[in-house]
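The values are calculated or read from the model by the stated rules, or taken from the named source; none is laboratory data. Values in this document were obtained by computation on a predicted structure and should not be read as measured data. Here the Cβ is made from the backbone with ideal geometry for all residues, glycine too, and neighbour counts use every protein chain on show.
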C-alpha cells in the first residue's frame, strides 16, 4: 500500500468552475453598469436642448422630452422652432365637443404631421378620420373643412399650403403651411 500524501495538490484558481462563473458574471455586470452610466453621461450640446424646464434629447426617432410623466416627441430640434411664431391655441376646448373630424390633405408630410399631432396632443372626445378634398384615397371618408364645424362638432384641418396659418376659430383648428411637421412641433411646444 502506498502512503497517502500529506497534502493534496489543488487545482489552480482559474480552473475552478465556480471562480470562472463568478468572474464571467462580474464581467457582465460591469458591462451593464458602464452601459447605464454611459446613457446617463452628459451628451454633446447639439444632442440636447432645454425648453421651459423640459429637457429634450435627440434620439433616432426625433427629440424626446418628458413633462409630468407624459412623453413629448418632436421631429425637429426645439431650438430651431424658436424662429416660428404662432400664437397660443386653446386646443383643450376641442375636448368639450361631441366629435372631432381629423381632416387631412393626404400626402406623406401631412400624414407625418398628423401622427405627431396625435402622439402629443390628446383629444379626449371621439375623433373621425376625414379628408379635406375628394381624391380616390378618400372615397370612403367624409369630406370636412372648417365650414363643417359647429358648436358641438369640431374639425382639425391639416394641409399643405403656401400661406402659413395655425389657428382655432369656431371649433376648427387649422394647421396649414409648407413645413407642417415644424408647425405641429411648435404647436405642441406652445401647449406646454
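With respect to the stated conditions, residue 141 is farther than 26 Å from residue 62 by Cα and surrounded by 14 or more Cβ atoms within 10 Å (Cβ to Cβ).
Taken over region 87-102, residues that are under 21 Å from the mean Cα position of the chain (by Cα) and closer than 15 Å to residue 157 by Cβ amount to 3. When region 41-86 is filtered for residues that are loosely packed, with under 10 Cβ neighbours inside 10 Å, in contact (Cβ under 8 Å) with a residue 12 or more places away in the chain and assigned to a helix (DSSP H, G or I), only 46 remains.
Okay, residues lined up against (1) crowded, with 18+ Cβ neighbours inside 10 Å; (2) at pLDDT below 95; (3) touching a helix residue (DSSP H, G or I) at 6+ places or on another chain (Cβ under 6 Å); (4) on the phi < 0 side of the Ramachandran plot:
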position	(1), (2), (3), (4)
88	no, yes, yes, yes
105	yes, yes, no, yes
109	no, yes, yes, yes
133	no, yes, no, yes
137	no, yes, no, yes
149	yes, no, no, yes
154	yes, no, yes, yes
188	yes, no, yes, yes
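Whether a residue is assigned to a strand (DSSP E or B), more than 14 Å from residue 191 (Cα to Cα), in contact (Cβ under 8 Å) with a residue 40 or more places away in the chain and within 22 Å of the chain's Cα centre (by Cα) was assessed, and residue 110 does not pass this test. Taken over region 139-192, the criterion of being touching a strand residue (DSSP E or B) at 6+ places or on another chain (Cβ under 8 Å), touching a residue at least 40 places away in the same chain (Cβ under 8 Å) and assigned to a helix (DSSP H, G or I) is satisfied by 148, 180, 183, 184, 185, 186, 187, 188, 189. Residue check: residue 124 meets all listed conditions (1) more than 11 Å from residue 101 (Cα to Cα); (2) touching a helix residue (DSSP H, G or I) at 6+ places or on another chain (Cβ under 6 Å); (3) not in a loop (DSSP other than H, G, I, E, B) but one, namely (3). Answer yes or no: is there a residue in region 120-127 that is surrounded by 14 or more Cβ atoms within 10 Å (Cβ to Cβ), in contact (Cβ under 8 Å) with a residue 40 or more places away in the chain, within 29 Å of residue 66 (Cα to Cα) and under 23 Å from the mean Cα position of the chain (by Cα). Yes: region 120-127 contains one or more residues that are surrounded by 14 or more Cβ atoms within 10 Å (Cβ to Cβ), in contact (Cβ under 8 Å) with a residue 40 or more places away in the chain, within 29 Å of residue 66 (Cα to Cα) and under 23 Å from the mean Cα position of the chain (by Cα). Among the residues making up region 156-182, those that are buried (at least 18 other Cβ atoms within 10 Å of the Cβ) and within 18 Å of residue 92 (Cα to Cα) are 156, 157, 158, 166, 168, 171, 172, 173, 174, 175.
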